[in-house]
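Structure first, commentary second.
The values are calculated or read from the model by the stated rules, or taken from the named source; none is laboratory data. All values derive from a computational prediction rather than experimental measurement. Please note: Cβ atoms are built from the backbone with ideal geometry, for glycine as well, and neighbour counts cover all protein chains shown.
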């Protein structure tokens with residue numbers, strides 16, 4: 001068995017934070033997507049993931065230090081799951097709360113923001129088993145839970161992405177349109193290996209939707225706020241409004257106020273039965289710098305066209 005301390009380049013007196021940071025650095029350095037076709041890097045990436053699994057938490061580290069192998073730890077966890085869960089189904093015990101994290105940009109710009117910057121491994125307990133089961137030679141594999149951040153636009157419109165798990169395994173992730181934070185995607189038999197002839201566990205990817213400045217979601221609607229001039233508010237106008245899949249022209253009727261809500265059909269959350277709408281809230285904004293000619297003209301209009309909005313409200 002390989003020494004996890006040696007693989008991660010840490011000592012037995014290192015702190016958990018030092019172990020965590022060492023693993024993150026190795027995961028970034030040897031990530032398969034950053035080293036395509038490099039079998040050596042892929043092997044080191046898998047070794048680092050296995051090493052972190054052995055000593056990445058105080059509990060696992062204590063067990064390793066007293067001589068328990070990773071296989072023994074996993075078998076013990078599965079046995080505990082069977083005894084404590086009965087047949088209540090899969091559960092997840094976060095053994096790496098924010099550990100095992102690695103970052104990688106899946107876009108063309110390698111210096112850009114990581115699409116899956118919050119993806120991290122968090123291995124859970126095995127599936128629920130009958131506590132009276134006596135056959136210990138065929139035990140279903142553990143379910144694994146992963147967490148992944150997705151862009152607001154992809155959550156609304158849907159997207160397809162490929163991710164590489166800390167084990168080196170690649171998964172094609174289809175993000176259905178309309179997902180929300182907390183949505184879990186299931187990948188059958190992509191979890192831990194089963195014992196004997198039992199099937200592998202499942203992998204679950206839990207999604208967290210990133211906020212997007214200028215947009216927010218309300219059910220199936222996407223809401224935005226757009227500024228207009230007082231001239232556009234008075235006379236009406238045709239203005240360009242951003243949506244999640246490009247800009248569109250929106251007709252602003254004359255004599256609108258701040259807070260007026262207009263609807264753009266089909267530019268909200270996509271669903272199998274159709275799409276929600278985008279709600280545009282107008283905000284009347286005065287010019288930052290008033291031309292003297294305009295100011296004098298308004299003064300001239302004041303006596304003839306003056307009104308008190310506080311009395312008319």
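Structural remarks
- Residue selection: residue 88 satisfies the criterion of being over 27 Å from the mean Cα position of the chain (by Cα), under 27 Å from residue 202 (Cβ atoms) and either in a loop (DSSP other than H, G, I, E, B) or modelled with pLDDT of 85 or more (or both).
- When region 161-198 is filtered for residues that are over 23 Å from residue 32 (Cα atoms), part of a loop (DSSP other than H, G, I, E, B) and at pLDDT below 85, the ones remaining, listed by number, are 194, 196, 197, 198.
- Any hit, region 269-286, residues being loosely packed, with under 13 Cβ neighbours inside 10 Å and in contact with a helix residue (DSSP H, G or I) (Cβ under 8 Å, 6 or more places away or on another chain): yes
- Taken over region 260-275, the criterion of being modelled with pLDDT of 95 or more and at positive phi is satisfied by no residue.
- Comparison of 242, 211 shows that the only residue that is touching a residue at least 24 places away in the same chain (Cβ under 8 Å), under 17 Å from residue 149 (Cα atoms) and surrounded by fewer than 17 Cβ atoms within 10 Å (Cβ to Cβ) is 211.
- Counted as qualifying within region 1-74 are the helices (runs of 4 or more DSSP H) with 1 or more residues that are modelled with pLDDT of 85 or more and within 25 Å of the chain's Cα centre (by Cα), namely 16-30, 39-55.
- Filtering region 222-257 to residues that are closer than 14 Å to residue 279 by Cα and touching a helix residue (DSSP H, G or I) at 6+ places or on another chain (Cβ under 9 Å) leaves 222, 244, 252.
- Residue list for region 214-239, filter: part of a loop (DSSP other than H, G, I, E, B) and either loosely packed, with under 13 Cβ neighbours inside 10 Å or out of contact with any strand residue (DSSP E or B) (no Cβ under 9 Å at 6 or more places or on another chain) (or both): 214, 219
- Flag for residue 254 being in a loop (DSSP other than H, G, I, E, B) and at pLDDT below 95: no
- Some residue of region 286-294 being touching a residue at least 12 places away in the same chain (Cβ under 8 Å) and more than 29 Å from residue 151 (Cα to Cα): yes
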